[in-house]
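Chemist: What follows is a structure written as structure tokens; I'll ask about it next.
Readers should treat all values here as calculations from the given coordinates under stated rules, not as data from a laboratory. The model shown is predicted, which means the values in this text are computed figures rather than measured ones. Ideal geometry is used to build each Cβ from the backbone, glycine not excepted, and the neighbour counts take in all protein chains shown.
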Amino acid sequence: RVYEARAIQAYFRHQWKTAGELALAGATRLRGTDDAHYLAWCLDLVGDSALQLGDLDTARTNLREALTLFAAARDLSGAAVIFDELAALALREGDQLAAMRLAGAASELAATTGTSFAAIAGGVPEFGAPDRPTGPVGDPALPAAWEEGRAMTVEEAVAYALQRNAPV
């Protein structure tokens, strides 16, 4: 847990490499224990730090595993954060529709659970405010994708996120 705390400090100082290394050390120590909660948060930090550094493969792998753990534990705040980060990943991969669906799912889950943690995680600022999700190029399909994401159940959003981010 000390590794996670130190990784969070580094993350919020924008020291992505250090944050990822500390979180990975924490995840390594937690594997094989029954502490799936902290393992999931360490994996999230590894994934989000990699995303910030542009290492999309490492981000995808760790965020997928973290989402699987959060979903199994029904940790909705964790799932909302991961949806948000996977939206940012999809955007960086050029898949604006998937990014909007995942961002919509993150937004709805954060709203229905009363958490605003997803917005802290990084989000998809390129899309602007949820009331005008028209994206950077004004694609008219993006508002519909946002609503599709908002309409998904947690289980549907998890399945969509895992399928969309499956290894090629």
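Chemist: Given just the C-alpha atoms of region 55-121, how large is their convex hull per residue in cubic angstrom?
Modeler: Values: hull volume 4.5 nm³, N = 67.
Convex hull volume per residue, Cα atoms: 68 Å³.
Chemist: I'm checking a number: the convex hull volume of the Cα atoms of region 28-86, normalised per residue, in Å³. What is it?
Modeler: 67 Å³
Chemist: What is the extension gain from Ser77 to Ala144, computed as 0.36 nm multiplied by their sequence separation minus the C-alpha to C-alpha distance, in nm to one decimal?
Modeler: Details: separation 67, 0.36 × 67 = 24.12 nm, distance 2.42 nm.
Between Ser77 and Ala144, full extension yields an extra 21.7 nm.
Chemist: Ranked highest first by the average count of other Cβ atoms within 10 Å around their residues, in what order do 95-107, 27-39, 3-15 fall? Before the final figure, lay out each step's value.
Modeler: Numbers: 95-107: 25.3, 27-39: 14.8, 3-15: 16.3.
Most protected by this proxy first, the peptides run 95-107, 3-15, 27-39.
Chemist: Any idea what diffusion coefficient region 1-113 gets from Stokes-Einstein, in µm²/s, Kirkwood Rh on alpha carbon pairs, 20 °C, 1.002 mPa s?
Modeler: The estimated diffusion coefficient comes to 155 µm²/s.
Chemist: Can I ask one more? Taking a point 7 angstrom from the Cα of His14 along the C-beta vector, which residues in region 45-67 have backbone N less than 20 Å away?
Modeler: 45-56
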